[in-house]
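Written below as structure tokens is the structure these notes are about.
Just so it is clear, none of the values below were taken in a lab; they were calculated from the coordinates. Since the model is a prediction, treat every value here as computed from it, not as a measurement. Reconstructed Cβ throughout: ideal geometry from the backbone, glycine too, with neighbour counts over all protein chains shown.
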Amino acid sequence: MSRIETAPDHTQGDLTERLLAGLPAEAVLTDPDITASYANDMASFCPAGAPAVVVLPRTVEEVQHVMRTATALRVPVVPQGARTGLSGGANASDGCIVLSLTKMDRILEISPVDRIAVVEPGVINATLSRAVNEQGLYYPPDPSSWEMCTIGGNIGTASGGLCCVKYGVTAEYVLGLDVVLADGRLMSTGRRTAKGVAGYDMTRLFVGSEGSLGIVVRAVLGLRPQPPQQLVLAAEFASAAAACDAVCRIMAGGHVPSLLEIMDRTTVKAVNDLSHMGLPETTEALLLAAFDTPDPAPDLAAVGALCEAAGATQVVPADDAAESELLLQARRLSLTALEAVRGVTMIDDVCVPRSRLGDLIEGVERIAEKHQLTIGVVAHAGDGNTHPTVCFDAADLDESRRARESFDEIMALGLELGGTITGEHGVGVLKKEWLAREIGPVGIEMQRGIKQVFDPLGILNPGKLF
Ligand SMILES: Cc1cc2nc3c(=O)[nH]c(=O)nc-3n(C[C@H](O)[C@H](O)[C@H](O)COP(=O)(O)OP(=O)(O)OC[C@H]3O[C@@H](n4cnc5c(N)ncnc54)[C@H](O)[C@@H]3O)c2cc1C
């Protein structure tokens, strides 16, 4: 599906001229120095091509014009949000139109009665979160990149985040979509009602489709009442295995934390080195648990006791919301901090059943030792979603090779443990071969069939997923 069907001859000039017929001049970028800066998202080891043109539409009609042009000339289109993706899903292909949705960034409606927000795809996650908070509402999906990433990108990758252990991931909050199809037609999916089962769930199909089925131009998102500010507890452990044991005890005990995260010693040190936050570096694993109930004290006490039973060497509840926020900031900085360790990282995204979390982390330690590499582990532990982050020097070819091998071995281990190769970052270019291993030939065949229906010419984000 990565090959474009029968491309008619056209020049760069034809393409630009046709695009300019329906877009203002400032929305069409052709300077190669500028277009090259749109080639990549934030993933390492992912090939990217040179875009022919970058377009920055502001209206649905402009997006439709872009897609009609692309269909007429058989030009590939790569939709992009903020390009914080970690799988190469937003990487350009040679000669493509990069369709950046960042200028379509209006919040169109917030309805406390219907508990929904209607937004354009370029709205930044944190901007939406703050806007709904002002009305006593809450949009839960909170990737650590929330200050940068867009709602369109969150939908494209089916993003998760820190509070998903209690509130669920992006898919749970996307109620309806407006999508511009490959040929420029506009399709509405889903609903703005509390319930609705009319026909196939096309909305869910688009969530996580990585720009391969259509361009999201408007989204109806479900909201919740804003919970009280969460209070965080930090527990230190002498081994990552003991921290994982605590996670199992907490979940088996019926607790519903609003956040349950693990940072290993490498990650804690990296965060300290970057931010001088003074996190405890003697610990092998730091577990953060939070509750956002009106009175979190009893839950925090119960969870603290479970941590001690699992062997925690120290359990420290945050004094107040400000201290809690500081701990969350440390957690959100983890991936950026690990990147500073050797210059480059490959960030795995393996999600395993919670009961196998300890086996995964132990396996990652073995893989790091075998390849003589630093692999920091940070995890949405309550979801079993881990980010073993391989740190390496890209200038060292042997180290780069070992990094890639470790990255792959971690995915193999995840599958062996009954998990998935990606809990929230998506397949993109990075894990294409692995998708086939996870879902098998029949799964791939059916998914290709769906792609064929939506994108018969193969122009939408070619070369991604499979
Ligand atoms: C420091 C850091 C921390 C991160 N933490 C998390 C985390 O906690 N949880 C998590 O899930 N992810 C995390 N990520 C990954 C990334 O931020 C998310 O995948 C995010 O959802 C990407 O949003 P974006 O706007 O940058 O999208 P992009 O990277 O630009 O695009 C992502 C995908 O969506 C497609 N797409 C974008 N817009 C549209 C559209 N309008 N219509 C159709 N397709 C579209 C693209 O083609 C691409 O396939 C992190 C990344 C970084 C750098």
Only residues of the range 363-388 count here: report those whose backbone N is under 15 Å from the spot 7 Å along Cα→Cβ of residue 355, or say none. 384
What FRET efficiency, computed as 1/(1 + (r/R0)^6) with R0 = 35 Å and r the Cβ-Cβ distance, is obtained for residue 187 and residue 25, rounded to the nearest 0.05? 0.75
For helix 397-416, report the angle its Cα long axis makes with the longest principal axis of the Cα atoms of the chain; keep it between 0 and 90° and round to the nearest 10°. 80 degrees
Of the trypsin sites (Lys or Arg not before Pro) in the range 150-234, those whose Cβ has at most 12 other Cβ within 10 Å and which sit in DSSP loop: 185, 195
Here FRET efficiency (C-beta to C-beta, residue 293 to residue 416, R₀ 35 Å, nearest 0.05) is 0.40
So if each residue of separation counts as 0.36 nm, and I subtract the Cα-Cα distance between residue 433 and residue 72, what length gain in nm does that give? 126.8 nm
What do you get for the angle between helix 297-309 and the principal long axis of the chain? Use alpha-carbon atoms, 0 to 90 degrees, nearest ten. 70 degrees
If you keep only loop residues by DSSP, which GluC sites (Glu not before Pro) in the range 139-233 have at most 15 other Cβ atoms within 10 Å of their Cβ? 147
At a 10 angstrom cut-off on C-beta neighbours, averaged per residue, how do the peptides 128-138, 307-317 rank from highest to lowest? 307-317, 128-138
The chain: spread of alpha-carbon positions along the three principal axes, whole Å, largest first, is 68, 58, 43
Calculate the spin-label point distance for residue 59 paired with residue 326, positioning each point 7 Å from the Cα along the beta-carbon direction, and give it in nanometres. 5.1 nm
Could you work out how far helix 60-73 tilts from the main Cα principal axis of the chain, as a 0 to 90 degree angle to the nearest 10? 60 degrees
Between residue 453 and residue 256, what FRET efficiency comes out of the Förster formula 1/(1 + (r/R0)^6) with R0 = 41 Å and r the beta carbon distance, rounded to 0.05? 0.55
Relative contact order, percent, the chain [alpha-carbon distance under 8 Å, six or more residues apart]: 17 percent
Hey, for a label at residue 134 modelled as a point 7 Å past Cα toward Cβ, could you say which residues of the range 96-119 have their backbone N under 17 Å away? 105-113, 116-119
Could you tell me which chymotrypsin sites (Phe, Trp or Tyr not before Pro) in the range 155-217 are loop residues by DSSP with no more than 15 other beta carbons within 10 angstrom of their beta carbon? 200
For the range 262-393: relative contact order, % (alpha-carbon pairs under 8 angstrom, 6 or more apart): 30 percent
